[in-house]
């Protein structure tokens with residue numbers, strides 16, 4: 001993957017970045033990065049080549065003597081000085097800030113290597129005292145039979161494109177209605193038991209664009225699954241309903257009422273029944289009901305500290321006492337709490353689409369075709385006639401169908417419609433549940449890695465605070481800091497707790513198919529509004545206050561300018577917010593990400609607003625439908641997987657396909 005010159009640049013950067021008694025040397029870090037990039041399936045690697053060229057040849061020439069040589073020819077001290085001046089410096093903006101994101105690659109190359117784990121006090125899952133050796137076994141689910149086309153054409157009644165939270169439910173429901181169904185999936189079939197705890201390997205296998213997908217300005221990473229089962233394979237199995245009684249839903253606009261004002265008219269009673277049916281199929285339950293009863297409680301110390309800190313804060317302020325908190329309900333089957341949910345479940349304990357609706361669809365006669373990219377939907381005057389595809393080996397495939405259901409997810413569905421010639425309103429009203437992590441170091445060992453990645457929440461109305469923790473590589477990528485500071489923090493990995501602030505953003509984004517830099521930076525055009533940024537800052541301040549109330553000695557927000565908040569200097573919420581207001585002036589001052597993109601093909605009976613009507617039918621076409629998160633006219637503010645599945649169940653039983 002890397003050219004000899006690129007390898008020299010990477011090795012020279014690694015030598016400067018990893019400042020401490022390293023376990024592996026820069027050449028080994030470079031080899032790890034090269035191996036990862038070789039696994040990556042994304043055009044974004046071209047932008048990486050550009051970044052490496054700029055660092056090697058351009059960055060030194062922006063500086064005065066003695067930085068005139070290529071980067072790899074400089075001394076270690078000169079390289080570090082150059083990085084500090086241009087990439088770490090608080091005044092860096094625009095391109096320089098984008099270049100600085102390359103630090104994540106070196107965190108991956110170093111901390112993604114299991115040889116570094118002892119230095120961080122991370123205990124691999126199989127060595128943890130909480131498990132009996134015989135418990136760390138897959139449940140033994142049978143391998144699913146995938147369909148391999150034997151010719152250039154398939155004929156079916158219904159073609160469903162996308163096998164995630166929406167597509168799998170639609171395919172299963174229609175197949176169970178004795179409809180002939182073909183389910184297409186761009187990603188590979190990776191059986192759960194084939195998953196591992198190797199973070200870099202699984203990101204490359206399971207994530208869209210191998211985890212490199214981002215907004216055009218690179219200010220927000222956007223994480224989606226690209227495998228049979230979609231994002232349900234790599235999410236945290238959180239199940240919230242719209243207007244969930246465990247949340248303060250009255251503090252937010254009623255979603256269905258808001259959608260109705262925009263022309264999306266859904267039957268609330270029928271949708272509630274769909275929620276009931278999906279929860280039953282997924283065996284959704286309270287955390288301690290869905291865990292393996294032979295292991296200790298799976299929420300872990302990270303979640304306990306969030307809830308303990310919140311209890312302490314709320315008890316001191318009567319204005320906060322009405323906000324709800326608790327443990328998530330999830331779709332697990334005897335979960336072991338290993339802490340690797342974002343990388344698939346090698347123990348087959350997550351009831352994703354891979355373990356539920358896709359087997360049900362196959363049992364009812366549906367054919368699932370993995371590694372099949374839908375290029376374009378062939379259209380007549382008012383009907384879809386077929387789907388033009390390419391298989392993984394480059395073989396063309398035509399799927400002829402009486403009806404086509406697009407369920408490629410937010411982003412993918414808009415791109416496919418555009419490529420098919422449907423453009424009116426397509427890509428509009430795009431939004432996110434946007435998140436940012438907040439790190440808190442405690443004086444004692446916590447071992448937050450021993451338990452679920454996400455287990456507890458606090459609903460503040462304008463945002464959710466959620467417990468959130470990562471295995472070492474992902475933690476190192478998200479953790480602020482450079483050089484020795486980052487190295488020292490990683491050596492205190494077992495003393496950290498972490499949480500996330502989650503907000504539903506305004507629907508001001510767009511998906512654009514074409515553009516000069518699309519292959520480099522992607523189709524997502526979005527900039528966080530000032531109001532949303534302020535809500536995010538208030539959430540960070542409250543989460544920092546919660547961690548201090550739980551006993552944290554320092555809180556580190558995920559800001560571009562590395563900052564440590566101390567309880568003695570910021571004793572109140574107001575003091576914390578004032579500090580953050582000085583630190584965070586614009587969205588790029590924060591590390592932002594989202595696993596919950598929404599919108600792009602908004603539902604509305606008004607064709608001036610919507611791409612499809614309230615029967616999920618694309619305006620102007622009799623047999624073309626869209627059903628996934630892209631149809632949301634606005635964000636739903638909460639983790640959306642259960643709502644997507646319920647809407648898919650609702651759609652599949654309307655009788656319109």
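Please treat every number below as a calculation from the coordinates, not as lab data. Treat the numbers as computed from the prediction; the structure is a model and nothing was measured. Cβ: placed from backbone, ideal geometry, glycine included. Neighbour counts: every protein chain shown.
How far is helix 573-583 tilted, in degrees, relative to the longest principal axis of the Cα atoms in the chain, given as a value from 0 to 90 rounded to the nearest 10?
80
Percent relative contact order of the stretch 429-594, based on C-alpha pairs within less than 8 angstrom and at least six residues apart? If you can, show how the numbers build up before the last one.
On the way: 284 pairs, mean separation 53.0, N = 166.
Averaging sequence separation for qualifying contacts and normalising by length gives 32 percent for the stretch 429-594.
Across the stretch 510-657, what fraction of all alpha-carbon pairs, as a whole percent, falls in each successive 10 Å bin from zero upward?
10, 27, 25, 20, 14, 5, 0
In a solvent-free Debye calculation with one equal scatterer on each Cα, what is log10 I(q)/I(0) for the chain at q = 0.10, 0.11, 0.12 Å⁻¹, listed in the order of the q values?
Listed by q, the Debye log ratios stand at -0.92, -1.12, -1.34.
How would 84, 643 line up from fewest to most surrounding beta-carbon atoms within 10 angstrom?
On the way: 84 13, 643 25.
Ascending Cβ contact count within 10 Å gives the list 84, 643.
Over the stretch 4-111, what is the relative contact order in percent, taking alpha-carbon pairs closer than 8 angstrom and at least six residues apart?
Numbers: 83 pairs, mean separation 37.5, N = 108.
So the answer I get is 35 percent.
Angle between the Cα long axis of helix 300-316 and the longest principal axis of the chain, 0 to 90 degrees, nearest 10?
80
Using the number of other C-beta atoms within 10 angstrom as an exposure proxy, rank 428, 163 with the fewest first. Don't skip to the end; give the middle numbers.
Details: 428 20, 163 33.
The fewest-first ordering by Cβ neighbours comes to 428, 163.
Nearest 500 deg cm²/dmol is fine: what mean residue ellipticity at 222 nm does the chain get from its DSSP H runs of n ≥ 4 alone, each adding -39,500 (n - 2.57), divided by its residue count?
Working: 21 runs with 202 residues, N = 657.
For the chain, the value works out to -9000 deg cm²/dmol.
Could you put 62, 259, 310, 323 in order, starting from the residue whose Cβ has the fewest other Cβ atoms within 10 Å? Please report the intermediate quantities before stating the final value.
On the way: 62 12, 259 22, 310 26, 323 18.
The fewest-first ordering by Cβ neighbours comes to 62, 323, 259, 310.
Contact order normalised by length for the chain, with contacts defined as Cα pairs under 8 Å and 6 or more residues apart; what percent is it? Provide the component values of the computation, followed by the final result.
Details: 1452 pairs, mean separation 131.0, N = 657.
About 20 percent, as a whole number.
Pairing the Cα long axis of helix 268-282 with the longest principal axis of the chain, what angle in degrees results, from 0 to 90 and rounded to the nearest 10?
70
Subtract the Cα-Cα distance of residue 243 and residue 23 from 0.36 nm times their separation in residues, and report this length gain in nm to one decimal.
Values: separation 220, 0.36 × 220 = 79.20 nm, distance 4.98 nm.
Length gained, residue 243 through residue 23: 74.2 nm.
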